[in-house]
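J.: Below you will find the structure I want to go over with you.
Bear in mind these aren't lab numbers, they're just calculated from the coordinates by the rules spelled out. Predicted model, so just to flag it, every value in this text is computed and none were measured. Because the Cβ atoms are built from the backbone with ideal geometry, glycine has one as well, and the counts that use them run over all protein chains shown.
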Amino acid sequence: MHSHEGEIEIAEGREFLIRIRRERCKGCEICIEFCPKKVFESDEFGCPIPERIDECIGCGTCELRCPDFAIEVEPKECHDSEEKS
Amino acid sequence: MSKRSCEVSWKAFLREENLPHQWCPGCGYGVILKSMLYAFEKGGLAPKDVVVVTGIGCWGKADDYLYANTVHVTHGRALPVATGIKVANQSMKVIALMGDGDSATIGGNHLIHSSRRNIDVVALVANNLNYGMTGGQYSCTTPLDSRTSTSWYGDPEPALDVCRLSETAGASFVARTTVYHATTIEKYIGMALSHEGFSLVEVISPCPTYFGRYNKLSKASQMLKWLKEQSIPIERVKDLSEEDLKEKFVTGVFADKKGHSFLSRYREIQSRARNELESE
Amino acid sequence: MKKKVRFMLGNEAIVEGALLAGATFFAGYPITPSSEVAERASRRLPQIGGCYLQMEDEIASIAAVIGASIGGAKAFTATSGPGFSLMQENIGLAIMAEVPCVIVNVQRSGPSTGLATRPAQADIMQARWGRHGDHSVIALSPATVQECFDLMVQAFNMAEKYRCPVLFMADETVGHLRENCVLRSRDEVEIVNRKRPPEGLEEYFPYKADDDLVPPMVTPGSDYLTRFHSSTHNEKGLPTSSPQEARKLIKRLYDKIEKNKDDIIKYREFDVTECEYLVICFGGAVRAARQAAMEAREEGLSVGVLQLQTVWPFPAEYISEISKGKRGVIVPEMNMGQIIGEVRKAIPDEVPVLGANRYDGEPLTPKEIIEVLGEVVSL
């Protein structure tokens, strides 16, 4: 399930959600190559498309290895609880 | 996973309005910057506690993306400026961000003497193995025989080991890692920030645009994996031959010595001087 | 209150003046003929809770001085020709980043290593243009040990007031001269400290100047985050390549000095207005010039002396004013003729301007000046 929050793209999987700021992504494909669960497909610019979001185990490799502050991963409940508190 | 509970989040240091940053696709500097901010957060620091001194070069642009006290200085001179800041304002955390050119090539003399003096400053050296900002020329850390924009026929000069140099000169905390080993960057910076005396952390970083392209490593993830293959943990060095270690990056903690920093010694000098003045 | 007078070396008086001005930091590298400044600083600064840093070279020395000033201290260094040349790039940094500091150059005979123990004044154009780019700079020059003390206080006051480096152009004759020096007390002298921003600003812009063209300065650690930048920057201290911003910044840095000449320019006059022949000089040449003028007056020649304590910015308007109607101007310098170019530009063509120059490592004596006086009189 994909939605938008301003220019942030949010992809919600079973347990985790991934936020992508496409305007910061330079298509280095590091997140795509290093994701242990191969969650991402690459668009023609090398930017990540979280096709298999449900496979995401929230390891955070994509966020850690992204040089452009373009991608973040969060457990879903933490996202929901934040909105409640 | 960036969920850390503490008063000041790492994002308080990040000047998001200046993103996307200027570093090339796949360059590791964004990862080093983020790791530094994680280390600031974990160290309980706030932007006003920190003075970041940057030199000139790709890594020298880092202060454009920071909320902190920042000082952008001339090429190669970040360490002596940082030294002056720390001596005059000792409550501040002073960090010098330098590339391989800034810190060890043009700035080599200052690296040696800052280490020898054991001044209470953190040197965070981002080493992309060449001069990226000016178009990919070789620097003193470029591996022997590598092709660069000024060594088309191979770099005729062996690379300098920044960590060994700094350790030998007297730095009391020295560690090296690479952007591939991303989690250790934050760990080593954290250790450096809490260390009394001169601490140097070198992070070898992929430069797909120049060093990578000239040396058949032009894809970002390709160069990252190359860094992994080229790295040898320091613990395993003793059972490897000179040949095995040639052009390899030894990673890990080279030195972690407690002991007198320049400032602790100079405080003793100030008390002796005051006593002499009072006795006059 | 009894005056505290000491029989003192010029180089030592420089340090005492700096301490009175509130300096707490010195970073330097030993070099003849300025090493006594470093030696005294290394002894006196720790006594008052300050710090002496001996750096690995002069580039590191000026860099550390800039750092210390950024850190909140009043900071200075001392060197001579060879070190002064090495410091030029970072003097440019202090100009661009607007960092107050004082750089003492006890000039010696050059070029290159030259005659290390001998005097000269041949770095005076380098003081003005020693670094790249359009800019202005303040340079003062002491002629006596007392001025080594008093002008150092002025140098720090100007550095703090205008947020810039101030070059203190002494030379070996003055630096190694021993004379009585009145060590003034703090309440006898005006001390200027850098301007701070008001409290409670919504956002502090590190390079937003007030009407006096000088931005308030913050010491890191206060509630305002501050920035210093060596590249062309905007008021936030972030780099910019916009032509308008670049022009505005370069013009402001230039104007903040050139438009405050009345405050910055200091000089001493000896029979200047009524004399027929005027001697214009600075630093180590002043003593010989005044003796020569005295001897010439005894011979019935009407000679006055203008001593420039501020050499840069050059007092061109004032000099063109007072030289009107003079029958001749003599410019004695311990170099082949450098400031004389500025004097010629400022003086009406009909007034002859002659140099009295010595560049053999020996101090200028009255004899050389009297000879040239003789030439100009016979013109």
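J.: Helix check for chain C. Which DSSP H runs span at least 15 Å along their own axis by Cα, with a mean Kyte-Doolittle hydropathy no less than 1.0? Please report the intermediate quantities before stating the final value.
T.: On the way: long enough: C:10-21 (16 Å, 0.87); C:58-70 (18 Å, 1.84); C:145-162 (25 Å, 0.08); C:243-258 (22 Å, -1.20); C:286-298 (18 Å, -0.68); C:366-377 (16 Å, 0.75).
The qualifying helices are C:58-70.
J.: Under 8 Å for C-alpha pairs, at least 6 residues apart: give me the relative contact order for segment A:2-84, rounded to a whole percent.
T.: Details: 154 pairs, mean separation 26.2, N = 83.
Relative CO of segment A:2-84 lands at 32 percent.
J.: Rounded to the nearest 0.05, what FRET efficiency do residue C:377 and residue C:5 give with R0 = 30 Å and r taken as the Cβ-Cβ distance? Could you check? If you can, show how the numbers build up before the last one.
T.: On the way: r = 40 Å, r/R0 = 1.34.
Result of the calculation: an efficiency of 0.15.
J.: Around residue B:161, with a cut-off of 10 angstrom between Cβ atoms, what is the net charge of the other residues, counting Lys and Arg +1 and Asp and Glu -1? Present the calculation step by step, with values, prior to reporting the outcome.
T.: Details: positive: B:164, B:176; negative: B:167, B:202.
It works out to a net charge of 0.
J.: Ok, one more. Given H placed 1.01 Å from N in the peptide plane, which residues other than close sequence neighbours of residue C:237 have an amide H under 5 Å from its amide H?
T.: C:207
J.: Another one. Angle between the Cα long axis of helix B:78-88 and the longest principal axis of chain B, 0 to 90 degrees, nearest 10?
T.: The helix B:78-88 is inclined about 20 degrees to chain B.
J.: Now for a separate question. Can you compute the charge dipole magnitude of chain B about its Cα centre, using +1 on each Lys and Arg Cβ and -1 on each Asp and Glu Cβ, nothing else charged? Give it in debye, rounded to the nearest 20. Provide the component values of the computation, followed by the final result.
T.: Working: 32 positive and 30 negative charges, 105 e Å.
The dipole of chain B has a size of about 500 debye.
J.: Over segment B:135-280, what is the mean sequence separation of C-alpha contacts under 8 Å (at least six apart), divided by residue count, expressed as relative contact order in percent?
T.: Working: 216 pairs, mean separation 33.1, N = 146.
It comes to 23 percent, rounded to a whole number.
J.: Ok, one more. May I ask which residue of A:3, A:30, A:13 lies farthest towards the positive end of the charge dipole of chain A, with charges of +1 (Lys, Arg) and -1 (Asp, Glu) on Cβ and the Cα centre as origin?
T.: So the residue we want is A:30.
J.: If you line up the Cα atoms of chain C on their principal axes, what length do they span on each, largest first, in Å?
T.: So the three principal-axis extents are 68, 47, 46 Å.
J.: Using amide H atoms built in the peptide plane, which far-off residues or other-chain residues are under 5 Å from residue B:254 H to H?
T.: Under 5 Å from the amide H of residue B:254: B:174, B:175, B:176.
J.: Mind listing P(r) for the protein assembly as shown? All alpha-carbon pairs, 10 Å bins, whole percents.
T.: 3, 14, 21, 21, 17, 11, 7, 4, 2, 0, 0
J.: In peptide C:285-295, how many Cβ atoms from other protein chains are near each Cβ within 10 Å, on average? Please list the in-between numbers first.
T.: On the way: counts 0, 0, 0, 0, 0, 0, 0, 0, 0, 0, 0.
What the average comes to for C:285-295 is 0.
J.: Further, regarding this structure: In whole angstrom, note down how far apart the Cα centers of segment B:179-239 and segment B:6-76 are.
T.: Cα centres, segment B:179-239 to segment B:6-76: 18 Å.
J.: Something else: For segment B:249-256, just list the computed ³J(HN,Hα) in residue order, Karplus coefficients 6.51, -1.76 and 1.60, θ = phi - 60°, integers in Hz, with x standing in for Gly and Pro.
T.: 3J(HN,Hα) across segment B:249-256, in whole Hz: 9, 7, 10, x, 9, 7, 8, 8.
J.: Structure shown: which of B:225/B:257; B:93/B:228; B:11/B:48; B:61/C:236 lie over 23 Å apart, alpha-carbon to alpha-carbon? Provide the component values of the computation, followed by the final result.
T.: On the way: B:225/B:257 32 Å; B:93/B:228 31 Å; B:11/B:48 14 Å; B:61/C:236 15 Å.
Cα-Cα > 23 Å for B:225/B:257; B:93/B:228; rest within.
J.: Still on this model: Rounding to the nearest 10 and keeping the result within 0 to 90°, find how far the Cα-based axis of helix B:108-117 lies from the longest principal axis of chain B.
T.: 40 degrees
J.: Taking the Cα of residue C:359, stepping 7 Å toward and past its beta carbon, and measuring to each backbone N in segment C:114-154: which are under 12 Å?
T.: Answer for segment C:114-154: C:121-125.
J.: If we sort B:120-126, B:103-109, B:217-223 on the protection proxy, mean other Cβ atoms within 10 Å, highest first, what's the order? All intermediate terms of the calculation are to be shown ahead of the outcome.
T.: Numbers: B:120-126: 28.1, B:103-109: 23.0, B:217-223: 20.4.
Put in order of decreasing packing, that is B:120-126, B:103-109, B:217-223.
J.: Modelling each spin label as a point 7 Å along the Cα-to-Cβ direction, I'd like the residue C:129/residue B:196 distance in nm, to one decimal.
T.: Each label point is offset 7 Å from its Cα along the Cβ direction, giving 5.3 nm.
J.: Further question: Suppose every Lys and Arg Cβ carries +1 and every Asp and Glu Cβ carries -1, with no other charges. What dipole size does segment C:5-188 come out with about its Cα centre, to the nearest 20 debye?
T.: Numbers: 14 positive and 19 negative charges, 38 e Å.
In total the dipole reaches around 180 debye.
J.: Take residue B:271 and residue B:153, extend 7 Å from each Cα along the Cα→Cβ direction, and tell me the distance between the two endpoints in nm.
T.: Rounded to a tenth, the inter-label distance reads 6.3 nm.
J.: List the residues, sorted by chain then number, that are 5 or more residues from residue C:356 or on another chain and whose placed amide H is less than 5 Å from its amide H.
T.: Amide H neighbours of residue C:356, under 5 Å, 5+ apart: C:331, C:333.
J.: May I ask you to compute the full-extension gain from residue C:178 to residue C:255, defined as 0.36 nm times their residue separation minus their alpha-carbon distance, rounded to one decimal in nm? Numbers along the way, then the final one.
T.: Details: separation 77, 0.36 × 77 = 27.72 nm, distance 3.81 nm.
Working it through step by step, the gained length comes to 23.9 nm.
J.: When the Karplus curve 6.51 cos²θ - 1.76 cosθ + 1.60 is applied with θ = phi - 60°, which whole-Hz ³J(HN,Hα) does each residue of segment C:100-117 get, with x for Gly and Pro?
T.: So the Karplus estimates, Gly and Pro as x, are x, 6, 10, 10, 8, 10, 7, 5, 10, 5, x, x, 6, 6, x, 10, 4, 9 Hz.
J.: Okay, next question. Considering only DSSP beta bridges with both partners in the protein assembly as shown, what is the antiparallel share in %, to the nearest 5?
T.: Values: 36 of 103 bridges.
Close to 35 percent.
J.: Using Cβ contacts closer than 10 Å as the measure, can you line up C:295, A:7 from fewest to most? Can you show the working numbers first?
T.: Working: C:295 16, A:7 10.
Arranged by neighbour count, lowest to highest, C:295, A:7 become A:7, C:295.
J.: Let me confirm one metric for peptide B:19-25, namely the mean number of other chain beta-carbon atoms within 10 Å of its residues' beta-carbons.
T.: Values: counts 6, 8, 5, 0, 3, 3, 10.
If you average over the peptide's residues, the count of other-chain Cβ atoms is 5.
J.: For residue B:187, give me every one of the aspartates and glutamates with a C-alpha distance below 13 angstrom, ignoring sequence neighbours fewer than eight places off in its own chain.
T.: B:41, B:202
J.: Quick one: if the Förster radius is 25 Å, what FRET efficiency do residue A:7 and residue A:57 give, using the C-beta to C-beta distance and rounding to 0.05? Walk me through the numbers before you get to the answer.
T.: Values: r = 27 Å, r/R0 = 1.06.
Efficiency, rounded to the nearest 0.05: 0.40.
J.: Here's a follow-up. With +1 on the Cβ of every Lys and Arg and -1 on the Cβ of every Asp and Glu, and nothing else charged, how large is the dipole of segment C:129-209 about its Cα centre, in debye rounded to the nearest 20?
T.: Details: 10 positive and 13 negative charges, 39 e Å.
Taking the Cα centre of segment C:129-209 as origin, the dipole is about 180 debye.
J.: Turning to a different aspect of this structure: Summarise the partner chain shielding of B:86-94 as one whole number: the mean count of Cβ atoms from other chains within 10 Å of each residue's Cβ. Mind showing how you got there, number by number?
T.: Details: counts 4, 13, 18, 9, 2, 2, 5, 0, 3.
Counting other chains' Cβ atoms within 10 Å and averaging over B:86-94 gives 6.
J.: For segment B:25-54, list residues with backbone N below 15 Å from a point placed 7 Å from the Cα of residue B:256 toward its Cβ?
T.: none
J.: With each pseudo-label sitting 7 Å past Cα toward Cβ, what's the residue C:276-residue A:76 distance in nm, one decimal?
T.: In this crude spin-label approximation the distance works out to 10.5 nm.
J.: Right, here's the next one. Pairs of Cα atoms under 8 Å, at least six residues apart: use those to get the relative contact order of segment C:5-188, whole percent. Don't skip to the end; give the middle numbers.
T.: On the way: 415 pairs, mean separation 55.2, N = 184.
Value for segment C:5-188: 30 percent.
J.: If you take the charge dipole of segment B:63-118 about its Cα centre, with +1 on Lys and Arg Cβ and -1 on Asp and Glu Cβ, which of B:108, B:68, B:90 is farthest toward its positive end?
T.: Of the listed residues, the answer is B:90.
J.: Oh, and also: Can you work out the Karplus-derived ³J(HN,Hα) for every residue in segment C:261-278? Use 6.51 cos²θ - 1.76 cosθ + 1.60 with θ = phi - 60°, whole Hz, and x for glycine or proline.
T.: These are the phi-based 3J(HN,Hα) values: 4, 4, 7, 8, 7, 10, 7, 10, 10, 10, 6, 6, 5, 8, 6, 8, 10, 10 Hz.
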